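These notes concern the structure reproduced below.
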Amino acid sequence: MAGSKLVLEGRISVISFLFGLGVIIIPLFVKFGSHVDWIFDYLTDVNGKIAIALYITVLNGFLLIIYKGPLYKVRVGHKQAILLFNTRYLCSLAFFHYSEYLVTAIINPRSLSLDSFLLNHSVEYTVAAISSWMEFILEKLLVPELKQLNWLSFVGLIMVLCGEGLRKSAMLTAGSNFNHIVQNEKAQSHVLVTSGVYSFFRHPSYVGWFYWSIGTQIMLCNPLCLLAYTLASWRFFKERVEEEEIFLIHFFGEDYIEYKDRVPSGLPFISGIRENEGTRCRKTGQFNWSETQRLTLSRVEPLPRRPDPCLQSQHSPAFSPFTLSFLSYIV
């Protein structure tokens with residue numbers, strides 16, 4: 001049954017996540033047991049990296065034997081999101097992608113797929129990620145003191161944790177109403193969620209992702225990518241919020257308009273869709289709903305179903321375990 005299969009996928013992701021965490025054992029041995037001869041001889045420097053590579057290889061082979069086909073792809077997508085937790089940045093990046101899949105498995109298993117990892121969703125996402133890594137590496141080589149601002153990196157970590165917590169709280173609060181793709185048709189199960197974190201922000205999942213992405217660059221002390229991420233994310237979410245609210249007004253009518261007037265979007269300088277002044281009565285301030293509906297519907301039809309800012313393509317994730325392993329050692 002489909003339900004059982006989806007539940008199984010969620011369980012496999014948890015098992016793979018825990019297995020993947022095993023890579024921290026070797027660094028911990030080195031950190032706390034370097035005085036032991038065999039640990040110093042076999043697990044430090046190059047030997048330690050070889051040991052981790054062997055662990056990854058053996059683990060991949062073991063899981064390949066146990067899980068085949070689509071289930072192995074779930075394991076692959078997860079592993080590519082979590083390998084090598086020896087930096088705060090990679091830990092944050094890995095946990096973000098894995099938790100997207102896990103929370104989706106909990107709240108909306110019918111929509112669960114490899115896309116739920118939100119990996120490699122577009123060329124732009126890949127370019128942004130690689131650009132941040134390149135900036136970090138170059139600045140670490142050319143201006144190493146810039147990467148030693150521990151207090152600034154800690155501020156970034158706090159932003160990442162808060163953003164991550166807010167986004168996941170939004171997903172859990174919305175439950176089955178949450179989807180990584182903008183819905184242009186109202187399902188019977190769709191309800192307007194205004195409680196929990198939605199009582200503070202209209203788009204808490206976007207707010208969380210916005211500050212999470214900025215926080216990652218502050219954590220890396222990347223001034224150029226910090227500016228680029230801020231501008232690009234703000235522009236994207238401005239368009240995204242306006243597009244989504246057209247559908248929400250169409251779905252929920254006056255209820256959403258009143259909610260919109262009462263609760264801010266949560267994103268800086270983004271107020272959302274602007275209703276045409278002609279749809280309000282100047283005396284009472286009330287909406288002419290039929291006119292609002294007409295204007296809204298006229299804008300709904302040509303709009304495509306655009307993916308979430310972190311949504312991956314239907315292809316397998318592009319970042320291999322060895323890519324993340326290599327980057328983690330550089331970082």
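Bear in mind these aren't lab numbers, they're just calculated from the coordinates by the rules spelled out. Since this is a predicted model, take the numbers as computed values, not measurements. Cβ: placed from backbone, ideal geometry, glycine included. Neighbour counts: every protein chain shown.
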Stretched fully, the stretch from Thr194 through Ile137 gains (0.36 nm per residue minus C-alpha distance, one decimal, in nm) 16.2 nm
List, in the order given, every pair from Lys140/Lys168; Lys186/Lys238; Lys31/Lys168 whose Cα-Cα distance in the structure shown is over 28 Å.
Lys140/Lys168; Lys31/Lys168
May I ask you to order 200-208, 143-151 by the average number of other C-beta atoms within 10 Å around their residues, highest value first?
200-208, 143-151
Treat every Asp and Glu Cβ in region 107-183 as -1 and every Lys and Arg Cβ as +1, leave all other atoms uncharged, and give the resulting dipole magnitude about the Cα centre to the nearest 20 debye.
280
Compute the relative contact order of region 154-287 as a whole-number percentage, counting only Cα pairs closer than 8 Å that sit 6 or more residues apart in sequence.
30
